[in-house]
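The block underneath contains the structure these notes are about, expressed in structure tokens.
The values are calculated or read from the model by the stated rules, or taken from the named source; none is laboratory data. None of these values were measured; they are calculated from a predicted model. Please note: Cβ atoms are built from the backbone with ideal geometry, for glycine as well, and neighbour counts cover all protein chains shown.
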Amino acid sequence: MTGTDSPPGGVAQEQTALERYNPYTGRRVVAGVEDNVPTAAQLGLEPPRFCESCGRRMVVQISPDGWWAKCSRHGVFDSIGLARR
């Protein structure tokens, strides 16, 4: 391997690990670009609908005392774990 070669999955894997998505709109978060967040979400009344890690739509269940959301790739997120109950 020379100085110009990169290890398999090195840079590309690092970039995808740093990618974040808006949990309310599903759009990729880009530095310097403002993404409108719904008012209900700003007030804490709306659970996230999209995974912050991959931007996929999540299955969301709302109950009287909180909510949980499940991403097919990243598992379950709970309002208790995020201190939003």
Next on the checklist: Cβ-Cβ under 7 Å, sequence separation 6+ or interchain: first residue in region 35-60 and of a type in the set (K, R), partner outside any loop (DSSP other than H, G, I, E, B) and surrounded by 17 or more Cβ atoms within 10 Å (Cβ to Cβ). Which pairs?
Outcome noted: R56/F50; R56/C71; R57/F50
Checklist entry - Do we have E34 as more than 26 Å from D78 (Cα to Cα), at pLDDT 80 or above and of a type in the set (D, E) here? => result yes
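Keeping to region 30-46, report how many residues are loosely packed, with under 10 Cβ neighbours inside 10 Å and on the phi < 0 side of the Ramachandran plot. Show your work before the answer.
Filtering region 30-46 for residues loosely packed, with under 10 Cβ neighbours inside 10 Å gives 31-34, 39, 43-45.
If we keep only those that are on the phi < 0 side of the Ramachandran plot as well, we get 31, 33-34, 39, 43, 45.
Residues meeting the conditions: 6.
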Checklist entry - So which residues in region 23-81 are small (G, A, S) and touching a Cys at 6+ places or on another chain (Cβ under 9 Å), if there are any at all? => result G26, S53, A69, S72
Next on the checklist: Is it the case, given these coordinates, that D78 is surrounded by 12 or more Cβ atoms within 10 Å (Cβ to Cβ) and without any contact (Cβ under 8 Å) to a residue 24 or more places away in the chain?
Outcome noted: yes
Checklist entry - In region 47-74, how many are surrounded by 11 or more Cβ atoms within 10 Å (Cβ to Cβ) and either part of a strand (DSSP E or B) or modelled with pLDDT under 90 (or both)? => result 12
